[in-house]
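These notes concern the structure reproduced below.
The values are calculated or read from the model by the stated rules, or taken from the named source; none is laboratory data. Nothing here was measured: the structure is a model prediction, and the numbers come from that model. As a convention, Cβ positions derive from the backbone with ideal geometry for all residues, glycine included, and neighbour counts pool all protein chains shown.
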Amino acid sequence: MNSLADITAALLHSLALQEEKTAAWHGEQPGEALSLPEHEAEMVDPLPESGLDRLLGVILHQHLCNYRLWHIEDCARRVDVSDSEIAACKRAIDRQNQQRNDLMEQTDQCLAQLMSPLLPPHSADLRNTETPGMAVDRLSILALKIYHMREETLRHDVEETHKERCGQKLAVLQDQRNALVSALLHLLQEYVAGTKRPALFFQFKMYNDPSLNPELYRNSSRR
């Protein structure tokens with residue numbers, strides 16, 4: 001059985017890797033070209049079955065989804081490409097966003113499994129407004145924002161005022177990420193103390209499901 005200290009250490013390691021991998025991936029470009037969603041690659045490396053290694057793997061796979069989403073979203077806002085390329089970007093965004101949300105839920109499921117032996121038999125019926133998996137997703141996005149905002153402070157083709165403004169925003173983003181990490185760790189402590197109860201919040205995304213999206217099933221029935 002893993003202790004809370006073991007789970008906390010693994011979680012902190014995975015959050016540090018969000019920042020490390022962001023920098024590394026910008027140099028290596030994981031998978032095929034991220035600006036070309038028609039060449040979108042599948043997830044890299046199979047996930048471990050269970051335990052702390054699975055937690056790390058799920059969080060990194062989820063971060064890779066956010067990394068790809070970031071760059072495809074940038075591409076989708078271009079005005080110098082064809083409508084078909086923008087449509088391909090939008091479809092790639094849908095696919096990546098579905099994977100991102102699925103992996104967010106898997107993060108919660110993995111944490112719940114790891115922490116289950118540590119929870120008291122009777123906990124207060126009090127739940128947080130977001131799950132640990134949702135917080136990890138926000139931390140992933142903050143890691144990306146921090147990387148790109150830092151890039152803006154290093155540009156040589158802009159005025160100093162631009163770099164100063166971005167430097168101020170960078171400091172805010174870093175403070176927000178540190179505060180969210182502390183809040184996440186505190187939430188795990190509350191679970192173990194029994195003052196809050198873990199909850200799995202499922203997204204149940206409907207727009208990608210042809211049986212739940214009216215635009216899809218109505219058009220399908222007409223055909």
Can you name every residue in the stretch 115-128 that is in contact with a Phe, Trp or Tyr (Cβ under 7 Å, 6 or more places away or on another chain) and either farther than 11 Å from E190 by Cα or assigned to a helix (DSSP H, G or I) (or both)? M115
Looking for something more than 21 Å from H63 (Cβ to Cβ) and out of contact with any Gly (no Cβ under 8 Å at 6 or more places or on another chain) - is there at least one such residue anywhere in the stretch 131-147? no
Being among the charged types (D, E, K, R) and either within 23 Å of D137 (Cβ to Cβ) or at pLDDT below 95 (or both) is the filter here, so list the residues in the stretch 164-184 that pass it. K169, D175, R177
If you take the residues of the stretch 129-172 that are outside any helix (DSSP H, G or I) and in contact with a helix residue (DSSP H, G or I) (Cβ under 7 Å, 6 or more places away or on another chain), which of them is surrounded by the most Cβ atoms within 10 Å (Cβ to Cβ)? T131
Pairs where the first residue, in the stretch 55-70, is within 16 Å of G27 (Cβ to Cβ) and the second is aromatic (F, W, Y), C-beta under 7 Å, 6+ apart: Y67/W25
The one condition R78 fails out of (1) touching a Phe, Trp or Tyr at 6+ places or on another chain (Cβ under 9 Å); (2) free of Cβ contacts under 8 Å to residues at least 12 places away in the same chain is (1)
Failed condition for E190, given (1) more than 30 Å from M115 (Cα to Cα); (2) surrounded by 12 or more Cβ atoms within 10 Å (Cβ to Cβ); (3) of a type in the set (D, E, K, R): (1)
